[in-house]
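Novice: A single structure is presented below for examination.
The values are calculated or read from the model by the stated rules, or taken from the named source; none is laboratory data. Given the structure is predicted, the values throughout are model-derived calculations rather than measurements. When we count neighbours, we look across all protein chains shown, and the Cβ atoms used for this are built from the backbone with ideal geometry, even at glycine. The protein model used for the area step is the full one, side chains on, heavy atoms only, and it has no ligands, DNA or RNA in it. Shrake-Rupley method; radii C 1.70, N 1.55, O 1.52, S 1.80 Å.
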Amino acid sequence: MKCTARFYKMNYDFSPEFAEAHHDGNESENNRFYDWEDELKITTEVKDIEVVDNAIYTLQGEKGGEAFSEEIKNVLLFNIIGEDGAVTQMACSKSLVLKYDINREEDSINLKVFLEEMEPLTNPIAGIYIAIQDFPKSLVD
């Protein structure tokens, strides 16, 4: 199956009243429902998505020529399980997530995650959204 993940950052300034009065309840150019949207397509065949609540995501990389590995606690973890058994992880700090939806169809799986409009976040890697207060202090310059 094909898999697409979409992450939506809600717009604090969206006015449902304005939308209803002027655009039949729909968003408009000057009254957008989302600040931004990320769409990520998994390039391999996918079997399923497993959701783990209150999980730990390990952020790994290199800083200043040295490898690091930092645990991010209290995340909502999406394990995207490939047909070959490989797992692709996407994660969000729980404080960011308003809701999520997984739509399974015959030939595709679609993940939608709606992120809190007021919570500052960082996006160090595609598919990883960490609340600023959860980001490891050792990685902040």
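Novice: Net charge near VAL46, counting Lys/Arg +1 and Asp/Glu -1 over other residues with Cβ under 9 Å of its Cβ?
Specialist: Computed value for this residue: -1.
Novice: Okay, moving on. Could you work out the mean projected area of the convex hull around the alpha carbons of the range 50-130, in square nanometres to one decimal?
Specialist: Over all viewing directions, the range 50-130 projects a mean Cα-hull area of 6.5 nm².
Novice: For the pairs LYS9/LYS94; LYS9/LYS47; LYS2/LYS41; LYS2/LYS73, flag any whose C-alpha to C-alpha distance is greater than 19 Å.
Specialist: Over 19 Å apart, Cα to Cα: LYS9/LYS47; LYS2/LYS73.
Novice: While we're here: Using a 1.4 angstrom probe and counting only protein chains, how large is the accessible area of PHE114 in Å², to 10?
Specialist: Number for this one is 30 Å².
Novice: Please work out how much accessible surface LYS2 shows to a 1.4 Å probe, ignoring ligands, DNA and RNA, in Å² rounded to 10.
Specialist: That residue has around 110 Å² of solvent-accessible surface.
Novice: Determine the order of MET1, MET118 by accessible area, beginning with the largest, at a probe radius of 1.4 Å.
Specialist: Descending order: MET118, MET1.
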